[in-house]
Amino acid sequence: MGTRGTTCRPSRRALLSSAVFVLPAIMISLSGHGPVAAAVLPGAEPKEWKANPAKHQVTIKREASDSKLAALIATAEAAQPSKEAVLKAADSATPPKGDPLWWYKEELGVRIPFAVTRDAVTYYAELVRSYGRQSLKRFTEPTSEFNYHASIQFHADFTHEGKSFTNVHVVTLTLKFTQNFCATVTEGMAIEKVRTVIIDNQGAVVLVHGDGPTDVPILAI
């Protein structure tokens, strides 16, 4: 039996929850799936929102009961996706640059993950903290949140997609990021990605599951 990472709140669709907000100068209609658009009411003007770190939260949790397990989580986070696979998934007109490559494209100026790695965790954590230091002119107060959870479990026998393993550790890395009107004046986004890494009793990565293109719901007003 496999193990799944503990779901971190808020849910993946926190940005796109089924709700309607009516503000003095703007109406935003949100739904649970896909791109969403709503009209700015006539005469609406953005206002200046002072930097407010309380509206931009970062939670990073690595569950390891000892230094050996912590090292195995680090091994899972350090495993890099194939650069060729990343570039194949990327937009050929604007391929990502850099090394290592954990993202394959950008939306609203934000990197979209191909794989959950330590570099990805650092990127989103720093991005959310940077939003909290900014004063932004927006129609509604900008918010953002990053949740990351890493867990590890030993299995004497483990089967994954028809492949059998013995005496392995299974690491589950779960990343969730949302931003409402931080990257741009009128748009928001939600990202969720889960990576499963199987490590043998010698400490070597024998399987990585979950790497690839990521669905990114976009909200626009």
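Considering every residue within region 60-82, establish whether at least one is touching a strand residue (DSSP E or B) at 6+ places or on another chain (Cβ under 7 Å) and either at pLDDT below 95 or farther than 27 Å from residue 115 by Cα (or both).
Checking region 60-82: not a single residue is touching a strand residue (DSSP E or B) at 6+ places or on another chain (Cβ under 7 Å) and either at pLDDT below 95 or farther than 27 Å from residue 115 by Cα (or both).
Looking for whichever is open to solvent by less than 20 Å² (accessible area, probe 1.4 Å) and either under 30 Å from residue 47 (Cα atoms) or under 12 Å from the mean Cα position of the chain (by Cα) (or both) here; the options are 220, 115. Which one fits?
One residue alone meets the criteria, 115.
Need pairs with beta-carbon distance below 7 Å; first residue within 12 Å of residue 130 (Cα to Cα) and within region 45-56, second part of a helix (DSSP H, G or I) and hydrophobic (A, V, I, L, M, F, W, C); sequence gap 6+ or separate chains.
Pairs that qualify, where the first residue is within 12 Å of residue 130 (Cα to Cα) and the partner is part of a helix (DSSP H, G or I) and hydrophobic (A, V, I, L, M, F, W, C), are 56/128.
Select from region 156-181 the residues that are in contact with a helix residue (DSSP H, G or I) (Cβ under 7 Å, 6 or more places away or on another chain) and either open to solvent by 10 Å² or more (accessible area, probe 1.4 Å) or not in a strand (DSSP E or B) (or both) and list them in ascending order.
Matches in region 156-181: 169 only.
So which of 131, 123, 148 is more than 23 Å from residue 86 (Cβ to Cβ) and not basic (Lys, Arg)?
The conditions single out 131.
If residue 145 meets every condition in (1) open to solvent by 40 Å² or more (accessible area, probe 1.4 Å); (2) closer than 17 Å to residue 74 by Cα; (3) in a strand (DSSP E or B) apart from one, which number is that one?
Unmet for residue 145, out of (1) open to solvent by 40 Å² or more (accessible area, probe 1.4 Å); (2) closer than 17 Å to residue 74 by Cα; (3) in a strand (DSSP E or B): (2).
What tally of residues in region 53-107 results from selecting those that are open to solvent by 50 Å² or more (accessible area, probe 1.4 Å) and either closer than 29 Å to residue 187 by Cβ or of a type in the set (Ser, Thr, Tyr) (or both)?
Residues that pass the stated criteria total 21.
In the list 208, 194, 216, 121, which residue meets the criterion of being in contact with a Gly (Cβ under 7 Å, 6 or more places away or on another chain) and not small (Gly, Ala, Ser)?
Testing whether each residue is in contact with a Gly (Cβ under 7 Å, 6 or more places away or on another chain) and not small (Gly, Ala, Ser) leaves just 194.
So residue 119 ticks every box in (1) at pLDDT 95 or above; (2) more than 25 Å from residue 131 (Cβ to Cβ); (3) among the charged types (D, E, K, R) but one. Which box is left unticked?
The single condition residue 119 does not satisfy is (2).
If I ask for residues that are part of a loop (DSSP other than H, G, I, E, B) and surrounded by fewer than 23 Cβ atoms within 10 Å (Cβ to Cβ), which ones from region 182-210 would you list?
Correct list: 183, 184, 185, 186, 200, 201, 202, 203, 204, 210.
The values are calculated or read from the model by the stated rules, or taken from the named source; none is laboratory data. Every value quoted in this text rests on a predicted model; they were computed, and no experiment measured them. As a convention, Cβ positions derive from the backbone with ideal geometry for all residues, glycine included, and neighbour counts pool all protein chains shown. Just so you know, the surface numbers come from the protein's heavy atoms only, side chains and all, with ligands and any DNA or RNA stripped out. Shrake-Rupley method; radii C 1.70, N 1.55, O 1.52, S 1.80 Å.
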